Amino acid sequence: MTFGDISAEYCQAVVAGLGAQLRSIIWDNDEDLSLLAPCTALELEIKSSEHATTTPYLNADFLPNLRKLLSYRCLGHFARTFETVRPSLTDVRLHCAHFGCDQVSVCNWEDLPQLWPNLEHFNVRQDNQHLTLSKVREIFPKLEKLKTLILHRSEERRVGK
């Protein structure tokens, strides 16, 4: 289901009636993502270009069975919502990841294998200065189910530091 340019009231009505049944949502509007809280078994694709939510972040009860997370924009502080233990998460494609950035994230890159242990596909479009080549070598082999890894190459990783 695609949530395009519709009102928060309409989103609430749809989610109240169908939330537990919805399996895949493309979120392409500027309403608060916290409206999706009743959706318990979901793949989420975020396309909206404005603020992800007026709520800075939600707890692990938000989308507890999330399997797929795609975001074409920076989630900012709302990314903390997904920095929780989520064994159901297998596919993550992000515009950017802020692990290790104290101003935005509460987690470090080293936490990734414990947070998302069943990750199969991981893609981050923007570079993160906290993800060095040595951390890549240390962290990603711990993700035993990982099939695809796509990272933007930073200058540091290009020269092999």
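The values are calculated or read from the model by the stated rules, or taken from the named source; none is laboratory data. Treat the numbers as computed from the prediction; the structure is a model and nothing was measured. When we count neighbours, we look across all protein chains shown, and the Cβ atoms used for this are built from the backbone with ideal geometry, even at glycine. Keep in mind that these areas ignore ligands, DNA and RNA; they rest on the heavy atoms of the full protein, side chains included. Shrake-Rupley method; radii C 1.70, N 1.55, O 1.52, S 1.80 Å.
Rolling a 1.4 Å probe over the protein heavy atoms leaves H152 with an accessible area of roughly 80 Å².
Using label points projected 7 Å from each Cα along Cα→Cβ, tell me how many nm separate C74 and D102, to one decimal. Each label point lies 7 Å from its Cα, and together they span 1.9 nm. Taking the chain as the region of interest, the number of lysine pairs whose Cα atoms are within less than 17 Å, with members eight or more places apart or on different chains, is 4. Each residue, K142 and A16, gets one label point 7 Å from its Cα in the Cβ direction; the gap between the two is 4.4 nm. What percentage of all Cα-Cα pairs in region 70-161 are separated by more than 20 Å? Taking all Cα-Cα pairs of region 70-161, the fraction more than 20 Å apart is 29 percent. Short to long, the 10 Å bins of the Cα pair-distance histogram for the chain hold 10, 40, 33, 13, 3, 0 percent of all pairs.
Counting only alpha carbon atoms, the long axis of helix 8-18 and the longest principal axis of the chain meet at about 90°. Label zone (S88, point 7 Å along Cα-to-C-beta; backbone nitrogen cut-off 15 Å) within region 18-32: 19-25.
Taking 0.36 nm per residue of sequence separation and subtracting the Cα-Cα distance, how much length would be gained by fully extending the chain between H95 and S7, in nm to one decimal?
Values: separation 88, 0.36 × 88 = 31.68 nm, distance 2.53 nm.
Separation in residues times 0.36 nm, less the Cα-Cα distance, equals 29.1 nm.
Helical content alone sets the calculated 222 nm signal of the chain at -4000 deg cm²/dmol, taking -39,500 (n - 2.57) per DSSP H segment of four or more residues and averaging over every residue. K147 exposes around 150 Å² of accessible area when a 1.4 Å probe is run over every protein chain in place.
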